[in-house]
Protein chains: 2
Amino acid sequence: MSRQSDVRKKALLGRSVLRQLVMLTKDEKDAALLQVADAIVNRKEEIIQGNDLDRKAAIKEQVSQALLDRLTLTDKRVQEMAEGLRQLVHLDDPIGEVLETRTLANELRIEKVRVPLGVIGMIYEARPNVTVDAAGIALKTGNAILLRGSSSACHSNAILTKVIQQALEQTSVPSAAVQLVENQDRSAVQEMMTANGLIDVIIPRGGAGLIQRVVKESTVPVLETGVGNCHIYIHQDANPKMANDIVINAKTDRPAVCNAVETILVHHAWAERHLRELGNRLLEQEVEVRGCLQTQTILPGVDLATDADWKTEYLDRILAVKVVDSLESAITHIDQYGSHHSEAILTEDATAAHVFLTVVDAAAVYHNASTRFTDGGQFGFGAEIGISTQKLHARGPMGLKEMTSYQYRIHGTGQIRK
Amino acid sequence: MSRQSDVRKKALLGRSVLRQLVMLTKDEKDAALLQVADAIVNRKEEIIQGNDLDRKAAIKEQVSQALLDRLTLTDKRVQEMAEGLRQLVHLDDPIGEVLETRTLANELRIEKVRVPLGVIGMIYEARPNVTVDAAGIALKTGNAILLRGSSSACHSNAILTKVIQQALEQTSVPSAAVQLVENQDRSAVQEMMTANGLIDVIIPRGGAGLIQRVVKESTVPVLETGVGNCHIYIHQDANPKMANDIVINAKTDRPAVCNAVETILVHHAWAERHLRELGNRLLEQEVEVRGCLQTQTILPGVDLATDADWKTEYLDRILAVKVVDSLESAITHIDQYGSHHSEAILTEDATAAHVFLTVVDAAAVYHNASTRFTDGGQFGFGAEIGISTQKLHARGPMGLKEMTSYQYRIHGTGQIRK
């Protein structure tokens, strides 16, 4: 091809300013964030007009109410996006932080210093606020970002990116740091996922389908986010009131988010004594229960859970219930079906809790608490770009530090190796 | 396929003992390492017999002397492998280390704890000592390891793995933690690279061809290692004696390793005054110089360097020389041709050094020192599984800590989110 693709051209534009980005001071980056925040508020009408085009197209295509809601920008939501950028100003600049220092016998001084990742490729669905949130986090961490939203939000993303770039032109931050891939063809996503050397990391945000596609097809390193098939295991001695409160909270506080519980695993001894009461509480909360055969004997009338239920992140007021015969069986179920997000054990037995917290392979493991706390805000990160469910690089909520790498800077006076 | 593949079967065997591995104490792991070290020494004859089969096949195939040397196990090398395992005993156990603790206002206590990565897939060439080194590092860090060496070392790797597994049977460490893929077909490598969910990370060790293949084809996260197209930039004011000593050291101390220098970039003002002398020093050391046009005017008789030279990791007594007109040009050359391994600037100008160390995108950046120091041993890591040239997860020399992930363990007393 003689003509450069949209992805390649914009990734190269992003790369071309990496040298400038890494040299920026905290003040320069913070001033740029405030400038962008102001521009978003000042140009609210244009932004909402662009969003209206997307909304009309979505209504015409009869998308679900949930999707339409995620797509919609209101006056309040635009204000919130700007506020999110202003919040970033209060956070420390992670870039340049010296993580370790070591001086060798030959007086060579080795510093391990935090640096940006480079060019971040963000592939996401529907929510236009991700455009602003992700751009803000990239700016604060000295990264360039290549944004690829879904076609359903193309007008919203286009105007938001334009507002960001034009605001950056008034600042020390090069506007090329934020780029939007406008090619809406699936081939553009494919190209991003295989742009080794041009894009340093791909972050997918959206449904399980998108994330699995990226994980399975990307040869650029991926930060896998979000799918949360979370479990709560209720051990034989769990306090029944605490168990009821935690399960109700983890299921109903916000069923559509990734840290909501999807399946509870209940020790048979606890089930015999307390599951009926928990079932009633769930009924009161209009939660549909799907259970194993043993669950059905205690909660007659609930539908039988199939293998598909154990695998599903419902994101809805539905809860799968399985009676298990031991802690070991619960862990085996989680190993088989969990998505390495958030897993909890409810027990008064410190040894059982210790075993569960040590061997369960998930980003966050809880003893006697709701899974709902897995969240950058709750963890005190101040900003969050997603929740990683993989083990390399970053795990759990990812804030500013997780958007960085490090390098060794070595200061010598002529040292050679003998 | 009704029959499980070799890769799948062994990856699952490795996975099946992860729960046991994470619970092991330092003493249990160290005892196992010593047991394996003793077994390797005690069964030296068997190991060398196996290695002889590989050597004979290699000689028959008329492989290069360098390859034959990398393949060969001598009495001394077997002792060194065992000694490497014994050294690991002196290192701290990274697993279970609490990296951070935070207590929320609701008294929820969040601990960030170091945990193993899981199943490591190691794809490597020729050197049978990698089998023992990598297995030792995996054991010490509570990981399972799936080893896939090259067919040229298949007998050596088979006997070494057998010795390791049989030694582990006498210990608390499950022998399934160390597995050798015996299928020598390239399809086995392909299967490892796409075993998402079965293998947690792939580490390639070998030549540039192998590493590029893995980086470009693997959908399992990769820790990219080793290729070092390293540069030294000599700024206009560099001390000529220091520059000569460092260039000679970085090129000739061990030309075949990844932290040796391959190209020097010389500021024209320095070149005019000092390049002739450096050329003479390189000639004395039997280093072949290939230079740009300007280099040829100062060092008549040297071959003209082509684009291929700027791209090549010679791993030999060959050095490419390019005269540049500024620090900026040197950085641009490194951006274009470097492999993100080790890059140095020689200068008395603190500002130039600061700019170089800040904007050059490499694992290790040096001011006034030889690139030869990029090494786990020199950095004080005590063990090294390779040198990462990527930015995600780990960068530069990778020791024990780089073979770990972390998880959040959250201790509650019934907390729910409101």
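A few remarks follow.
- Position A:GLU45, label points 7 Å along Cα→Cβ, spacing to each other copy in nm (shortest first, one decimal): 9.4
- A straight line joining the Cα centroids of the range B:306-351 and the range B:209-226 runs 24 Å.
- Charge dipole magnitude, Cβ of K and R +1, D and E -1 - the protein assembly as shown, Cα centre, debye nearest 20: 600 debye
- Distances from A:ARG186 to itself in the other copies, using label points 7 Å out along the Cα-Cβ axis, amount to 2.8 nm in increasing order.
- Taking Cβ atoms as reference points and 12 Å as the exclusive limit, the residues near B:THR72 contribute a net charge of +2, counting Lys and Arg as +1 and Asp and Glu as -1.
- Dimensionless Rg over Rh [chain B; C-alpha; Kirkwood]: 1.03
- Under 18 Å from the Cα of B:LYS418 - lysines, other chains or at least 8 residues apart: A:LYS241, A:LYS251
- Whichever lysines have a C-alpha closer than 28 Å to that of B:LYS26, once near sequence neighbours (fewer than 8 apart) are set aside: A:LYS112, A:LYS391, B:LYS10, B:LYS44, B:LYS112, B:LYS140, B:LYS162, B:LYS401
- Alpha-carbon Rg with Dmax, taken over the range B:269-352, Å: 13.1, 36
- Positive-end ranking of A:GLN170, A:GLY142, A:SER156 along the dipole of the range A:139-279, with charges on Cβ about the Cα centre, is headed by A:SER156.
- Dipole magnitude of chain A about its Cα centre (Cβ charges: Lys, Arg +1; Asp, Glu -1), debye to nearest 20: 1520 debye
- Coordinate range along principal axes, alpha carbons of the protein assembly as shown, Å, largest first: 91, 73, 47
- Dmax and Rg, reported as Rg then Dmax, of the range B:230-373 (C-alpha, Å): 13.2, 37
- Our helix-only sum for chain A, with -39,500 (n - 2.57) per DSSP H run of n ≥ 4 divided by its residues, gives a mean residue ellipticity at 222 nm of -12500 deg cm²/dmol.
- Relative to the other identical copies, B:GLU277 shows label-point distances of 8.8 nm, where the label point lies 7 Å from Cα along the Cβ direction and values run shortest first.
- Cα centroid separation, the range A:140-200 to the range A:80-108: 24 Å.
- Among chain B residues, the beta-carbon with the smallest distance to the axis carrying B onto A is reported, with distance in whole Å, as B:HIS393, 2.
- Normalised contact order of the range B:4-98, rounded percent, pairs of Cα under 8 Å and 6 or more residues apart: 41 percent
Every number in this text was worked out from the coordinates using simple rules, so none of it is lab data. Everything quoted here is computed from the prediction, not taken from an experiment. Heads up, the Cβs are rebuilt from the backbone with ideal geometry, glycines too, and the neighbour counts pull from every protein chain shown.
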